[in-house]
1. Just tell me which lysines come within less than 18 Å, Cα to Cα, of Lys247; anything on the same chain fewer than 8 places away is out.
2. Treating only the Cβ atoms of Lys and Arg (+1) and Asp and Glu (-1) as charged, compute the dipole magnitude of the stretch 202-300 about its Cα centre; round to the nearest 20 debye.
3. List the GluC sites (Glu not before Pro) within the stretch 389-497 that fall in a DSSP loop (any state other than H, G, I, E or B) and whose Cβ has at most 15 other Cβ atoms within 10 Å.
4. Taking only DSSP H segments of four or more residues, each worth -39500 (n - 2.57), what value at 222 nm results for the chain once the sum is divided by all its residues, to the nearest 500 deg cm²/dmol?
5. Got a number for carbon plus sulfur as a percent of the chain's accessible area, 1.4 Å probe?
6. Find how much the distance from Thr576 to Asn399 grows on full extension, using 0.36 nm per residue of separation minus their present alpha carbon separation; answer in nm with one decimal.
7. Taking the Cα centre of the chain as the origin, how large is its charge dipole in debye, to the nearest 20, when only Lys and Arg (+1) and Asp and Glu (-1) carry charge on their Cβ atoms?
8. Can you tell me which lysines have their Cα less than 23 Å from the Cα of Lys528? Leave out same-chain residues fewer than eight positions away.
Amino acid sequence: MDISNSVFAYLHGDQVSEANIYFSDSCGYTFQKFAYERQAELAGSLGGVFYFHSLSQVGLLLIDQGKAMFCYSHHPVNHSFGLPFDYNGTLDILITPGQKGILIFWFEKSLLVSWNAGQLVDPVEVKEGRQIVYSSLSEAKVTIHTVAANENELAVLTQENHLYYGNLGVLSRSLVKFADQNIWSQEAALMFTNVGMLEILTPLPDSVFLAFDFQKCPVNIQAILMDPKLQVDVCKVELLQGEFENKMYTIDMNSALELTALMIPRPGMSPVPLVMVSNPHSLGLQAVIYEDGYTYDGNTKHRLNISLMQQHHWGRADPNFTSSIRRPTMSTITVDIANKEISCVDLKPLTALVSVGCDLEKKIVIQNEITACYNGILDPVALQDNYSYVIERDAYDPNFWGQKATRDLVVHYHYEQLGCPHLVYYDTPWKPVVELWRGGKFKEVVEAEYVLLEVNGLFTYTYSLTAGTAFCTAQPQNWTTILEHAGDKGLFAWDRENYVSCHTDDNKAPLRWPDVPYQILGGPTDNKVVFDQRNGMYIFFLSIVDPHYSYCRLETSFSVYVYGAFPMSVIPQESTVFLLTGAILLTVWLAYILPKLLSTEKGLRLKGFWVRLYGRCRQSCACWQGRR
């Protein structure tokens with residue numbers, strides 16, 4: 001439960017092809033059927049279902065005719081099986097702490113270990129000094145009673161009073177046998193209490209009370225390994241450290257991670273450090289080692305620089321090797337010493353968890369350099385004082401289908417969330433400048449594809465490009481088609497999970513309507529928003545839909561104030577053009593005909609009439625002014 005809330009429920013030993021497997025992501029409160037893609041094709045019985053976090057895979061253990069192997073749930077390891085191994089009895093399977101992918105398989109006569117989540121399973125050897133005396137513990141003819149393990153150590157107690165110890169380091173798969181003591185009983189159990197500290201617990205019944213005390217037998221592993229009879233080589237490394245130890249990091253898409261480690265070997269020794277990731281299908285690495293000075297004792301310090309990046313972006317791996325870039329994954333990075341001596345008890349491998357997924361410190365912000373408050377169009381004090389505005393019923397649709405509403409809408413403006421609105425001139429095509437911020441620091445201007453939606457249903461805007469002019473090879477998605485299939489996602493359902501670009505071969509929808517507006521901004525096109533002849537407030541929801549930009553659902557809301565639009569004329573445009581044209585033609589005709597008319601007899605009489613009328617008017621005005 002410290003790692004996840006996942007629980008699997010199944011019947012051990014069922015035929016795999018017919019087995020009912022149930023999955024819970026709520027610690028077992030609710031379950032749903034787990035669907036394995038090729039389950040009906042699998043042969044054998046079900047030996048277990050495991051969630052391997054180190055590989056980001058669900059593994060099914062298949063048992064058939066004395067052999068067992070793992071199959072996995074996701075690309076690319078779902079196309080093949082792990083290598084088969086002997087399964088001669090019902091094995092207990094222990095996933096060791098640390099999420100490094102180390103599995104321990106054991107029953108009374110067998111002990112097996114896998115370092116890569118079951119893809120390769122090997123027997124554990126038994127050594128005396130530098131010599132291998134048994135290639136597997138089963139050859140030692142012992143009966144295993146119990147097994148204990150921590151992140152880096154393994155201990156085995158047998159019914160023959162043998163205690164075996166080994167480390168789980170890189171390229172290390174051997175045990176050494178400690179001197180025999182009378183430590184076994186039917187109730188005895190093993191437990192690591194700390195690094196190099198093992199405890200053998202035996203319950204002791206009380207003769208009077210129904211209670212048990214425990215006999216504790218502490219075992220100091222380092223002290224025992226100093227015994228010359230064990231012929232254990234001295235550890236070649238004095239120090240192995242890194243600031244990343246036992247930490248967790250996140251690598252989002254197009255991101256990288258730089259780590260460093262320090263190794264100081266013993267004088268005259270040349271150990272080989274190894275850097276490994278548990279999930280190379282998802283996480284790629286590059287390591288460089290160099291000498292970085294000397295200690296006060298004259299020992300050489302070796303610095304190890306490690307660069308981590310998504311395997312997709314290294315450009316080295318075949319696409320059939322890499323996991324799906326759309327699926328968040330996890331991996332463990334381990335720095336250890338190759339063929340490390342068993343005496344290096346206190347020299348733990350350096351491990352860290354790396355989540356290839358959403359970086360929760362990322363967010364997007366809309367650049368807002370020119371605001372309506374700065375230009376004096378709106379008053380910030382008024383905006384903070386329960387400001388509201390009215391959207392006319394002809395301009396919005398509460399159902400977002402582009403149909404006119406039946407009544408006006410009063411909208412209350414949330415200044416704390418939106419601030420002063422961005423100022424946009426109505427007759428200029430526009431698109432927002434989207435900035436990516438991480439941890440309070442500006443990172444870049446987002447060039448990925450994103451979509452806009454006016455949250456109150458305003459439809460008085462469109463886009464500068466159509467599906468055809470955006471050079472789509474398939475019919476592009478739009479808000480209408482997305483909302484039709486939104487289901488429980490609600491209004492803002494368009495995101496990176498369901499976006500399909502019209503410029504890729506993945507979109508199989510034929511381009512039937514090339515003249516529809518292209519509603520995606522950013523990316524390879526220069527698409528922009530074009531506003532209708534209407535002044536007023538718009539509140540937009542913005543979502544980054546490019547699935548290859550970030551694993552996060554990057555969304556934000558912001559406001560825009562559109563200005564500069566003159567009121568729409570009540571006279572139809574066609575009538576205005578007709579009347580204006582007629583007036584111009586009439587003026588030209590009068591300028592041509594009037595001089596000709598005034599030179600005729602009728603024109604002279606008409607001219608005399610207007611002269612006499614003008615004289616009478618002047619006399620009347622003079623008399624009226626004299627009376628005043």
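1. Lys100, Lys348
2. Values: 5 positive and 12 negative charges, 58 e Å.
With Lys and Arg at +1 and Asp and Glu at -1, about 280 debye.
3. Glu392, Glu447, Glu497
4. Values: 7 runs with 77 residues, N = 628.
Estimated from H runs of four or more residues: -3500 deg cm²/dmol.
5. Values: 18820 of 34960 Å².
Of all accessible area on the chain, carbon and sulfur atoms account for 54 percent.
6. Values: separation 177, 0.36 × 177 = 63.72 nm, distance 3.55 nm.
Length difference between fully extended and current span is 60.2 nm.
7. Working: 47 positive and 65 negative charges, 854 e Å.
Charge dipole, the chain, about its Cα centre: 4100 debye, nearest 20.
8. Excluding near neighbours in sequence, the set is Lys363, Lys431.
The values are calculated or read from the model by the stated rules, or taken from the named source; none is laboratory data. Worth saying up front: this structure is predicted, and the values here are computed from it rather than measured. Glycine gets a Cβ as well: all are built from the backbone with ideal geometry, and neighbour counts include every protein chain shown. Calculation scope for accessible area: heavy atoms of the full protein, side chains included, ligands and nucleic acids excluded. Shrake-Rupley method; radii C 1.70, N 1.55, O 1.52, S 1.80 Å.
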